[in-house]
Amino acid sequence: GGWIGANRFPGSAIVILVVLISVLFLGGVLAWLSEGFDAKFPRVIALAAVVIDLLIMLSLLAVPESAESAWIVSLNAQWMPNFGISFHLAADGLSILLLLLTGFLGVIAIGSAWNEITERVGFFYFSLLWTLAGVVGVFTALDLFLFFFFWEVMLIPMYFIIAVWGHENKNYAAMKFFIFTQVTGMLMLVSILLLAYFHYVQFGWFSFDYLDLLKVNMSSRIEMWVMLGFFIAFTTKLPSFPFHSWLPDAHSQAPTAGSVILAGVLLKTGAYGLIRFAIPLFPNASMQFAPIAMTLAVISILYCAKVAFAQTDIKRLIAYTSVSHMGFVLLGIYAWNAQALQGAVMTMLAHGLSAAALFMLAGGLQHRIHTRNMQDMGGFWAKVPRMAFVALFFSIASLGMPGLGNFVGEFLALLGAFKANITLTVLAAFGLIFASVYSLWVIQKVFHGEYKNTDFDDAQLSDLSRREMFYFAAMMLGLIWMGMYPQSFLDLSEATLSNLLSVTQGVVSSVVQQ
């Protein structure tokens, strides 16, 4: 037993993952306790904790790749040996990309809450950091019991963020978010327990370890049912049609920082779960189910793009476009080839930045003029030129302009999906046309036309401050870098994805031949 780590790490590298999670947990507690001294302390402590985490994550990029293992850093310690539950954390290229996204957007979220959150400040930053800690755990846990623990840790503080600091209809939105994610989380727990049970039947000992569970064999009917438990939990989080209806409510009612974390990071945990767990653990069932999953992805892309047109609430509109864009991720994952998976990962990263920026803009507008209704807006370009420019940039990014990250992701996902299913790919491509229409329509509605200020006075509509411009500039640079040098991101996840593909390769080809 004891601590098992790969020998090629110095002692410090093994504990890195524990430190990443602990810094956020402890930072959250300190932020809450510090509120008693001064209301400004919690946000400074929270920012410090996330920046420290981000720097540690960047240091993982310097750990050399090894030939024998895809895991860049891993730690495996006994926890509850009688039940086969271990404290197994590991990170590979895919985890590290998502960890960096989490750390980066954590800083952005704290920036967007800086002046907006004025009551129960300590508890707010506690909830925010604990949500991030849960996400970091989800991206690194390789023991499925531990994974489920972090999955829950990430949801409960998010519920409080919406319920306590949300807008007019916050209780309904928070409850809906909680019920959707809790019920589907229970389905996943049942599936995890079944997997561990089948491992016991087959090998004579309990194990919740991912690497052990990959070896479990089941009859095809049982495999399909157990896989659906994972699929429903992850696609609800992603979210995909028909499990998406919690998202527009949660987004429109959440405070800006909540929306940034929700769109940028939490939705990605669903896609990560599909890539890491749902397909590799149940390759036969997943490949038989793939046409259905890809059909759901196409419905998500087209249906939610259409529903976005009907919205007058700017945050709900962005939320629906978010579901539409995540459809490309689902499409790429279930096409299950190297190009499509690379596309899905790139779309996750680029959507994380562009959606977070759009929610931050919508939240900033609401904070200034106290309305989300686009009927009350118009002609803002002359009054707030910086905000208008930033909004135009991120709208163009999210519609998939070549040269920015979203284009690379969606193009690769469609290219890979084309190999798997031509009809569905052609239908999905219409989503790109719809995206350009609603993105430009929002710009037209809010920033062009004649100036309207029925419900607020001119003084309230102030342009972006230096601090806000700094955060938006960082996200812009990220998207331009992804669009111009996508290889730097693709290389990081390449080894992981080709490993996952090779795990399921034999199965995929046999299903295709049938």
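See the values below:
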quantity: Failed criterion for PHE241 (all others in (1) closer than 29 Å to PHE198 by Cβ; (2) not in a helix (DSSP H, G or I) hold); calculated: (1)
quantity: Residue match in segment 25-41 (condition: at pLDDT 85 or above and within 20 Å of the chain's Cα centre (by Cα)); calculated: yes
quantity: LYS452 vs. criteria open to solvent by less than 70 Å² (accessible area, probe 1.4 Å), basic (Lys, Arg), touching a helix residue (DSSP H, G or I) at 6+ places or on another chain (Cβ under 7 Å) and at pLDDT below 90; calculated: no
quantity: Considering residues of segment 455-488 that are out of contact with any Lys or Arg (no Cβ under 9 Å at 6 or more places or on another chain), over 21 Å from ALA397 (Cβ atoms) and assigned to a loop (DSSP other than H, G, I, E, B) only, the residue least open to solvent (accessible area, probe 1.4 Å); calculated: SER465
quantity: Complete set of residues in segment 387-428 that are crowded, with 23+ Cβ neighbours inside 10 Å and free of Cβ contacts under 8 Å to residues at least 60 places away in the same chain; calculated: ALA391, SER395, LEU399, GLY400
quantity: Flag for LEU358 being open to solvent by 10 Å² or more (accessible area, probe 1.4 Å), assigned to a helix (DSSP H, G or I) and on the phi < 0 side of the Ramachandran plot; calculated: yes
quantity: Residues within segment 23-40 that are part of a helix (DSSP H, G or I), farther than 10 Å from TYR125 by Cα and either open to solvent by 60 Å² or more (accessible area, probe 1.4 Å) or of a type outside the set (Gly, Ala, Ser) (or both), tallied; calculated: 5
quantity: Failed item in (1) under 26 Å from ASN337 (Cα atoms); (2) open to solvent by 20 Å² or more (accessible area, probe 1.4 Å); (3) over 21 Å from the mean Cα position of the chain (by Cα), with GLU494 passing the rest; calculated: (3)
quantity: Residues satisfying the stated conditions in segment 369-386, i.e. of a type outside the set (Ser, Thr, Tyr) and either closer than 26 Å to ILE433 by Cβ or open to solvent by less than 30 Å² (accessible area, probe 1.4 Å) (or both); calculated: ILE369, ARG372, MET374, GLN375, MET377, GLY378, GLY379, PHE380, TRP381, VAL384
quantity: Residue match in segment 51-61 (condition: assigned to a helix (DSSP H, G or I), among the small types (Gly, Ala, Ser) and open to solvent by less than 20 Å² (accessible area, probe 1.4 Å)); calculated: no
quantity: Subset of segment 199-231 that is touching a helix residue (DSSP H, G or I) at 6+ places or on another chain (Cβ under 9 Å) and more than 18 Å from SER286 (Cα to Cα) - its residue that is most open to solvent (accessible area, probe 1.4 Å); calculated: TRP205
quantity: Test: residue in segment 500-510 that is open to solvent by less than 60 Å² (accessible area, probe 1.4 Å), over 17 Å from TYR334 (Cα atoms) and in contact (Cβ under 8 Å) with a residue 24 or more places away in the chain; calculated: no
quantity: Hits in segment 120-160 - residues which are open to solvent by 10 Å² or more (accessible area, probe 1.4 Å) and of a type in the set (Phe, Trp, Tyr); calculated: PHE123, PHE126, TRP130, PHE145, PHE148, PHE149, TYR159, PHE160
quantity: Out of PHE394, PHE418, sole residue that is closer than 16 Å to ILE333 by Cα, assigned to a helix (DSSP H, G or I) and among the aromatic types (Phe, Trp, Tyr); calculated: PHE418
quantity: Test: residue in segment 437-449 that is outside any helix (DSSP H, G or I) and modelled with pLDDT under 90; calculated: yes
quantity: Candidates PHE234, PHE241 - the one that is closer than 14 Å to PHE282 by Cβ, within 24 Å of the chain's Cα centre (by Cα) and in contact (Cβ under 8 Å) with a residue 12 or more places away in the chain; calculated: PHE234
quantity: Number of the condition not met by ASP313 [criteria: (1) over 18 Å from the mean Cα position of the chain (by Cα); (2) modelled with pLDDT of 90 or more; (3) not polar (S, T, N, Q)]; calculated: (2)
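The values are calculated or read from the model by the stated rules, or taken from the named source; none is laboratory data. The model shown is predicted, which means the values in this text are computed figures rather than measured ones. Using ideal geometry, Cβ is built from the backbone for each residue, glycine included, and neighbour counts are taken over all protein chains shown. Remember, those area values only see protein heavy atoms, side chains included, never the ligands or the DNA or RNA. Shrake-Rupley method; radii C 1.70, N 1.55, O 1.52, S 1.80 Å.
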